[in-house]
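Let me begin by presenting the structure, written as structure tokens, before commenting on it.
The values are calculated or read from the model by the stated rules, or taken from the named source; none is laboratory data. Since the model is a prediction, treat every value here as computed from it, not as a measurement. As a convention, Cβ positions derive from the backbone with ideal geometry for all residues, glycine included, and neighbour counts pool all protein chains shown. When the accessible area is computed, the model is the full protein with side chains, heavy atoms only, and any ligands, DNA or RNA have been set aside. Shrake-Rupley method; radii C 1.70, N 1.55, O 1.52, S 1.80 Å.
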Amino acid sequence: MSETLERTKLRELQLRRVQELLEEILPRNRFYQHKLGNQRVKTWDDFLDLPLTTKAEIAEDQANNPPFGTDLTYEMERYTKLHQTSGTTGKAPIRVLDTPASWDWWARCWGHVYRGAGVGPGDRIFFAFSFGPFIGFWAAYEGAQKVGAMTVPGGGMQTEQRLRVMLDNEVTVLCCTPTYALRLAELAEQQNIDLANSKVRATIHAGEPGASIPGVRTRIEQAFGARCYDHTGMTELGATGFTCQAQAGVHLIETEFVFEVIDPSTRKPVPSGALGELVATNLGRAGMPMIRYRTGDLVQLDETLCTCGRTFARLNGGILGRADDMVVVRGVNVFPSAIEGVLREFPEVSEFRIEVFSQRSMAELKVLLDPRPGSENNLASRVANRLNERLLLRVPCELVAPGSLPRFELKAQRLVRRAD
Ligand SMILES: [Zn+2]
């Protein structure tokens, strides 16, 4: 019901919740006391005057005030959950703490994700991943309770066992990264398992933008005979968005967050619909809030009404890329996701790697293709031609031995920057 709130009403609700959040946190939260000083929010303009929060600030605060930093509103006894970011870029992970109330809020946000995909009582959701310190999976697991679905955990298993568990338990929904869905499909094909005729009817993906890339989505949908849904979220923020059954972009959960899109260099709002960096304020995580947090994700916002009837704004094409992943090659802006979209049109490509290196101090790209055995014929030149047609850019492609590139379960690292 709240998903169809008129946008003016939605704005009023958000402003009220921002005010309630600040009233709750400012008397106690040292991080935001220091950051906001005497700034108060009476209007939207006041809100937009608040300083942005960056990941680097949170990391520095945690390094200076170990282990949890000062973005804490309550005394330590109130916190019951600890998770952390993956810390992939060689930096220390950020730790996040939740109280029972904020954990319940996470699960409620996941309720939006499941309902968006039409998942509810009678569904059996399989979680094809290891349950580590990464928050998304635990929240997805808890969130299933909110919509009355059955949870089937898949931790501590090899890919083959997971396929077995999915089929034997007649699961209807698969939750994993898009990369891992493709891995499951690859193995099923090798073992002559007909996934397309299994009971799986929906797949929900997080952790990477793949499920919003048409080529990836089509491939997953064909392999599983299911509809493929995207979900966006961040450890520091919460579960922020979901795809609905219209599969027309990623709806942002605007009753639980305030979202903005800014120009990453000027930090000013971009015109409606223009490319920019997503900034989010979470409204239900008072224990460790993030106010105007820079996600580093580049997006295009669409505020028109979706055919599903929801008024929540949508990210066209999901998350288009990380601001720091964009490569400028001979004057053309290239997102790794755009290259992946083209590569996934080739069922002969099992895995790939995008290498960025510099030549005469200019960025250059090369794509390594890990082919399905027996499909090597002309593959590299066919892929290179298609990339040239779509991206208007010549990208050299090279074949490597089948099965030689790494397979991923969690966050795939397919973009490699070489120092030479
Ligand atoms: Zn919709």
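Worth a mention:
- Accessible surface of the range 287-420 [probe 1.4 Å, protein heavy atoms]: carbon and sulfur percent: 50
- With only the Cα atoms considered, the range 58-127 has a convex hull volume of 130 Å³ per residue.
- FRET efficiency, residue 246 to residue 385 (Cβ-Cβ, R0 41 Å, nearest 0.05): 0.80
- Exposure check, 1.4 Å probe, all protein chains in place: residue 305 carries approximately 120 Å² of accessible surface.
- Sorting 201, 30, 386 by accessible area puts them as 30, 201, 386; the probe is 1.4 Å, largest comes first, and only protein heavy atoms count.
- Residue pairs, from the table 55/146; 81/146; 35/55; 9/42; 42/268; 35/268, whose Cα atoms sit over 26 Å apart: 55/146
- Shape summary of the range 232-327, radius of gyration then Dmax from alpha carbon positions: 12.8, 37 Å.
- What the Cβ-Cβ distance of residue 145 and residue 324 gives, at R0 = 30 Å and to the nearest 0.05, is a FRET efficiency of 0.25.
- Computed with a 1.4 Å probe on the full set of protein chains, the accessible area for residue 5 sits at about 50 Å².
- When Rg and the Kirkwood radius Rh are both evaluated on Cα atoms of the range 284-399, their ratio Rg/Rh stands at 1.09.
- The fraction of all Cα pairs in the chain landing in successive 10 Å bins from 0 to the largest distance is 4, 21, 31, 26, 14, 3, 0, given as whole percents.
- Both radii come from the Cα set of the range 1-88: Rg as radius of gyration, Rh as Kirkwood radius; their ratio Rg/Rh reads 1.03.
- Extended-chain gain in nm, criterion 0.36 nm per residue less alpha-carbon gap, residue 20 and residue 80: 19.3 nm
- For the pair residue 104 and residue 304, the difference between a 0.36 nm per residue extended length and the Cα-Cα distance amounts to 69.0 nm.
- Computed accessible area, residue 334, all protein chains, 1.4 angstrom probe, square angstrom: 10
- Spin-label model, residue 416/residue 48: points 7 Å from Cα along the beta carbon direction are separated by 4.5 nm.
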